[in-house]
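A.B. asks: Let me begin by handing over the structure; questions about it come next.
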Amino acid sequence: MASLKPILSHIDNIPSTPGKFKADKSSLYYLHHRFRLHSTVPRITFWSLVFLALISLFFFMSPPSTTAPRRGLRTTASYGGSGWENQVKASAKIRSRNGHSVLVTGAAGFVGAHASLALKRRGDGVVGLDNFNSYYDISLKKSRKSQLLDRAGVFVVDGDINDAVLLRKLFGIVHFTHVLHLAAQAGVRYAMVNPNSYIKSNVDGFVNLLEVAKSTNPQPAIVWASSSSVYGLNTKVPFSEKDRTDQPASLYAATKKAGEEIAHTYNHIYGLSITGLRFFTVYGPWGRPDMAYFFFTKDILKRRPISIFEGAQHTTVARDFTYIDDIVKGCLSALDTAKKSTGSGGKKKGEAQFRIINLGNTSPVSVNKLVSILEKLLKVKAKKKVVLMPRNGDVPFTHANISLARKELGYRPTTDLETGLKKFVKWYLDYYGTKKKSAF
Ligand SMILES: O=C(O)[C@H]1O[C@H](OP(=O)(O)OP(=O)(O)OC[C@H]2O[C@@H](n3ccc(=O)[nH]c3=O)[C@H](O)[C@@H]2O)[C@H](O)[C@@H](O)[C@H]1O
């Protein structure tokens, strides 16, 4: 467990759970006694007053809009009202011929923000949804949200995929042709710290979204983020979609694999068109602070030691690091090639498309090499500690076979790790140096 410490130091503390309004018993008691003392007021009047007071308290404490309980790492969300609806409608406006109308979940996240921007810039209608949980720095998520609104007019709704009322409301306002579902509890190692957050987002939340989508008329086509981690302890390389995925090494991987099976069920029963994309270690500007390339950069600059994992018998740990722009192209292409769902009224009317596709770089790089590229770009020597890879969810290597992505999506990744990290480091120095200068 000692090895978890440096990793978790990059993750924010979990906030307390939402508080509920409780009637203050002591003040009720006090009132009751006062009324008893002044017995000129009959008992019935006392209780009528208490009742009235409670009703008005309830009324005044309710926001003008819908308030939804939020599950997961944060408190409550509010939404609704005509101003809010107008923002949703404006954001959803399609500006190109044959453009899609896309609900992007996790839009204030790393991949979600980039994908939302790319969709909006080419003329699609985009509405974002994000619960702004505190798994990592909320201010980074808020910055992405502001960038989306200010630079492209993408509105990100503050809400949760577990909130069916909100989802139905959004589908009621906009006829989404597609959902790009990227909201998830990410990170392989954090699953040992907060296992339930993975079930809530990646299983409960996904089912909730599919339930609403399957009942919508017409049903949207769904493209969602699975993960390279489903290959788990698979040793056959490169990882092909035909390989076994029944040996997950982390709860994160297990929930993503569960998502793939759940997606199959909804496709089979309800005729939802569903494409699962297995992302391979996505990195780049505006990335996730819990990922190694990100916190290595921070620690190297602060002259703090970093742990480099190695396998048993000193074997190298490697990843098929994939640059964000390549992933975004893959996502857009998956949306463009997605066939329509076939169901209506919650019933399947014919076979619907079901796909699972790797999106990787197909060129694995060792963690050692990653660090030496960062040292060169940052012009600082890292204080490296080589440690045996802890048994906390990591796998020794990943390597994507992307033949299916090439065939189905015309996917061709073009950014090597050095080029991609150069762009990341430039962004990092801008963002954490002068902040306001950073733009997508
Ligand atoms: O493809 C995915 O589906 C997943 O990709 C990402 O997981 P990983 O590939 O494990 O990325 P990341 O943590 O950056 O570790 C990178 C490398 O550094 C090594 N590593 C890590 C920490 C450390 O202290 N030392 C170290 O050597 C570590 O052993 C590894 O070899 C996403 O986080 C995850 O949400 C999911 O999307």
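Rule-based calculations on the coordinates, nothing more; no lab input. These figures come from a predicted structure and were not determined experimentally. All Cβ positions, glycine included, derive from the backbone under ideal geometry; neighbour counts span all protein chains shown.
A.B. asks: Be a star and scan the range 203-220 for residues whose amide nitrogen sits under 14 Å from the point 7 Å along the Cα-to-Cβ vector of LYS349.
C.D. replies: 215-220
A.B. asks: Oh, and also: Mind checking which aspartates and glutamates have their C-alpha under 16 Å from LYS339, skipping anything on the same chain fewer than 8 residues away?
C.D. replies: GLU351, GLU408
A.B. asks: What list of ³J(HN,Hα) values in whole Hz, one per residue of the range 236-246 in order, does the Karplus curve 6.51 cos²θ - 1.76 cosθ + 1.60 (θ = phi - 60°) give from phi, with Gly and Pro shown as x?
C.D. replies: 7, 10, x, 5, 10, 4, 7, 6, 5, 9, 10
A.B. asks: Assuming R0 = 35 Å, what is the FRET efficiency of ALA90 and SER139, from their Cβ-Cβ distance, to the nearest 0.05? Mind showing how you got there, number by number?
C.D. replies: On the way: r = 25 Å, r/R0 = 0.73.
Computed FRET efficiency for ALA90 and SER139: 0.85.
A.B. asks: Right, another one. Describe numerically, in nm with one decimal, the distance between label points set 7 Å from Cα along Cα→Cβ at SER366 and at LYS302.
C.D. replies: 2.8 nm
A.B. asks: As a quick test, which of the pairs LYS298/LYS426; LYS302/LYS381; LYS89/LYS347; LYS379/LYS422; LYS141/LYS200 have an alpha carbon distance above 18 angstrom in this structure? Write out the running numbers ahead of the final one.
C.D. replies: On the way: LYS298/LYS426 13 Å; LYS302/LYS381 11 Å; LYS89/LYS347 28 Å; LYS379/LYS422 12 Å; LYS141/LYS200 20 Å.
Violating the 18 Å Cα-Cα cut-off are LYS89/LYS347; LYS141/LYS200.
A.B. asks: Determine, for each peptide in 373-386, 185-198, the mean count of other beta carbons within 10 angstrom over its residues, then list the peptides with the highest first. Write down the numbers at each step before the final one.
C.D. replies: Values: 373-386: 14.6, 185-198: 20.1.
Descending mean neighbour count gives 185-198, 373-386.
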